[in-house]
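Student: The structure under discussion is supplied below as structure tokens; questions concerning it will follow.
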Amino acid sequence: MQRRKLIAIAATVVVLAPIAWFWQRSLVPDNLSPMAMGYADYGGGPQMAAEHAEHGRELTTLTGPAERRPDVVVRLVARKERFEIAGRGSVEGYTLNHSSPGPEVRARQGDLVEVTLVNESVKDGMTLHWHGVDVPAAEDGVAGVTQDAVMPGKSFVYRFVVRDAGTYWYHSHQQSHEQVRDGLWGPLVVTSAKSGRDLLAAVHTYDKIRTVNGGYGERRTEVAPGTAVRVRLINTDNGPMTSWVDGAPYQVVAVDGTEVNQPSLVTGKSVLATAGGRVDLLLTVPSDGTAVRIGLGGGPTTLVVGPRGGVAPSSPSAPADRVDLLSYGKPAPIGFDPEHADRRFEYRIGRRLGLYNGKPGLWWTINGHQYPDVPMFVVAQGDVVRMTVRNTSGQVHPMHLHGHHVVVLSRNGVAATGSPWRVDSLNVEDGESYEIAFLADNPGIWMDHCHNLPHAAQGLVTHLMYEGITTPYRINGHTKNNPE
């Protein structure tokens, strides 16, 4: 009998020991440094010498101008409270200055923007990330990577120069999959001397209520007949949004804050804004007194632009044809040569059964690895970088690289032939493959993740790291930093 018990115990150990080992290995460590994640991938370029690493530059020194007087000064106070959705009632969530979306931050190209974030009652802490603005690394607002989360009763000051005119937005990057959804976001617009009349169409879904500019249903903006207006579409949700214009032709004049070269007129086609992405449309309000309707992904929430009382088309659904930004507009120089790249990387997105942080399920992988054992893409300042992004995971992923804009070279092997298609948020459908390139001209440690934020919280995130740059910040542990 004793022998049988020993054999049974031994058999149990044989079965359970590997399970315990895999369970333990799946746990995301506390107090994890972004620099210690996974393994370094140098993309075929030179590796940093050990003596260079010891004399690196700390990310905290990569700030905006310290002495210059700011041109735009904003104070944002974050609270947990109920707020009103025009046309629908109130919801529980988070606000900035008692509203969601938060106040529009508007600046002119070249301005120094200073934003003071005050956390009054967001108990888990928060940050502000300037989505699409290529800020210095210390201003990027990512908890555990570029700063510690701002806890209740604390504040943090961001200072950065807005070098590029365009449409952007800001949002929390602490527990972002919850905090952004529940209200911690707002629009940011940078104008140039050439900017004309513009208006926002910032789309967000609160508790299954799709809104535009914080309102539900048909929202109207009064614009005189014959007026040319730039409509700045911002998709703050977790999935792609199809938009279209009924009642007038339009041009796609900018994508993710970058101008399109020689855009043509579009009629009878929709345009896609991926999660986190922005698309600027230029249209002219008809001179006959009618209005234009802009569809925003379907459903009752639309934007009507035109004179008071102007009747707009009904726009029941999006046109089947879509503007293809791979061939839209005319070619122009991109400023570097991707055919002579210094580093070449692969970013292969997959999915597999396994354990993640002790939980069984289907989890995202990057190059076959689960977070945090994922590749760290290492570059040096001045490198021309080329990357292949492949998605075989079964779902669409809006991929967002912080601190940089990339140029799309090809999709599924078909070369780009239109205006340089520059993005910071790229919609990668299941089965798609993109070749992209960028110039490594903004030193730091930068997140490169899916902007379907629940996907990022489930591990679809890695980093771009510049040689010689270090960060003192940590994820999880006593700091309570949880960027996704």
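Student: Whole number in Å², please: accessible area per residue of the stretch 62-195, 1.4 Å probe, ligands, DNA and RNA not counted.
Tutor: Heavy-atom SASA per residue in the stretch 62-195 reads 37 Å².
Student: For the stretch 62-195, what is the percent of antiparallel DSSP beta bridges, rounded to the nearest 5?
Tutor: Bridges in the stretch 62-195 are about 70 percent antiparallel.
Student: Would you mind classifying the stretch 62-195 by shape? Square roots of the alpha carbon gyration tensor eigenvalues, ordered a ≥ b ≥ c; an a/c under 1.5 is rounded, otherwise it is prolate if a/b is larger than b/c and oblate if not.
Tutor: oblate
Student: Which value at 222 nm does the chain reach when only helices count, each DSSP H run of 4 or more adding -39,500 (n - 2.57), with the total divided by all residues and rounded to the nearest 500 deg cm²/dmol?
Tutor: Result for the chain: -2500 deg cm²/dmol, rounded to the nearest 500.
Student: If the viscosity is 1.306 mPa s and the temperature 10 °C, what translational diffusion coefficient in µm²/s does Stokes-Einstein give for the chain when Rh comes from Kirkwood over Cα pairs?
Tutor: The calculation lands on 67 µm²/s.
Student: Explain nothing, just compute: Karplus ³J(HN,Hα) = 6.51 cos²θ - 1.76 cosθ + 1.60, θ = phi - 60°, for every residue of the stretch 276-282 in order, whole Hz, x for Gly and Pro.
Tutor: Couplings: x, x, 9, 9, 9, 10, 10 Hz.
Student: To continue, here is another question. So how much slack lies between HIS369 and VAL73, counting 0.36 nm per residue of separation and subtracting their Cα-Cα distance, in nm?
Tutor: Gain on stretching HIS369 to VAL73: 102.2 nm.
Student: First select every other residue whose beta carbon is under 15 angstrom from the beta carbon of HIS478; then total the charges, Lys and Arg +1, Asp and Glu -1.
Tutor: -1
Student: Looking at ILE334, ALA202, VAL285, which one has the Cα that reaches farthest to the positive end of the dipole of the chain (charges on Cβ: Lys, Arg +1; Asp, Glu -1)?
Tutor: ALA202
Student: Could you run the Karplus curve 6.51 cos²θ - 1.76 cosθ + 1.60 with θ = phi - 60° over the stretch 155-162 and give me ³J(HN,Hα) per residue in whole Hz, x for Gly and Pro?
Tutor: Ordered by residue, 3J(HN,Hα) equals 9, 8, 10, 9, 9, 7, 8, 8 Hz.
Student: Per residue of the stretch 239-254, what does 6.51 cos²θ - 1.76 cosθ + 1.60 with θ = phi - 60° give for ³J(HN,Hα)? Whole Hz please, x for Gly and Pro, Karplus curve as stated.
Tutor: Those phi angles translate into x, x, 10, 8, 10, 7, 10, 10, x, 6, x, 8, 10, 8, 9, 7 Hz.
Student: Please figure out what share of the DSSP beta bridges in the stretch 162-264 is antiparallel and state it in percent, rounded to the nearest 5.
Tutor: So the antiparallel bridges amount to about 70 percent of the total.
Student: Enumerate the amide H contacts of VAL374 below 5 Å, restricted to partners 5 or more residues apart or on another chain; note that Pro and chain-start residues carry no placed amide H.
Tutor: GLY38, TYR39
Student: How big is the antiparallel share of DSSP beta bridges in the stretch 196-323, given as a percent to the nearest 5?
Tutor: The answer is about 70 percent antiparallel.
Student: Roughly how big is the stretch 196-323's charge dipole about its Cα centre, with Cβ charges of +1 (Lys, Arg) and -1 (Asp, Glu), in debye to the nearest 20?
Tutor: Computed charge dipole of the stretch 196-323: roughly 140 debye.
Student: Taking H placed 1.01 Å from N in the peptide plane, check which residues at least 5 places from GLN381 or on another chain put their amide H under 5 Å from its amide H.
Tutor: Distant-sequence amide H within range of GLN381: GLU467.
Student: Once amide H atoms are placed 1.01 Å from N in the peptide plane, what residues at a sequence separation of 5 or more from TYR206, or on another chain, have their amide H within under 5 Å of its amide H?
Tutor: Those lying under 5 Å, H to H, from TYR206 are THR211.
Student: Rounding to the nearest 10 and keeping the result within 0 to 90°, find how far the Cα-based axis of helix 2-26 lies from the longest principal axis of the chain.
Tutor: 40 degrees
The values are calculated or read from the model by the stated rules, or taken from the named source; none is laboratory data. None of the values given here were measured: they were computed from a predicted structure. Positions of Cβ are backbone-derived with ideal geometry, glycine not excepted, and every protein chain shown enters the neighbour counts. Accessible surface is based on the protein model in full, side chains and every heavy atom, while ligands, DNA and RNA are left aside. Shrake-Rupley method; radii C 1.70, N 1.55, O 1.52, S 1.80 Å.
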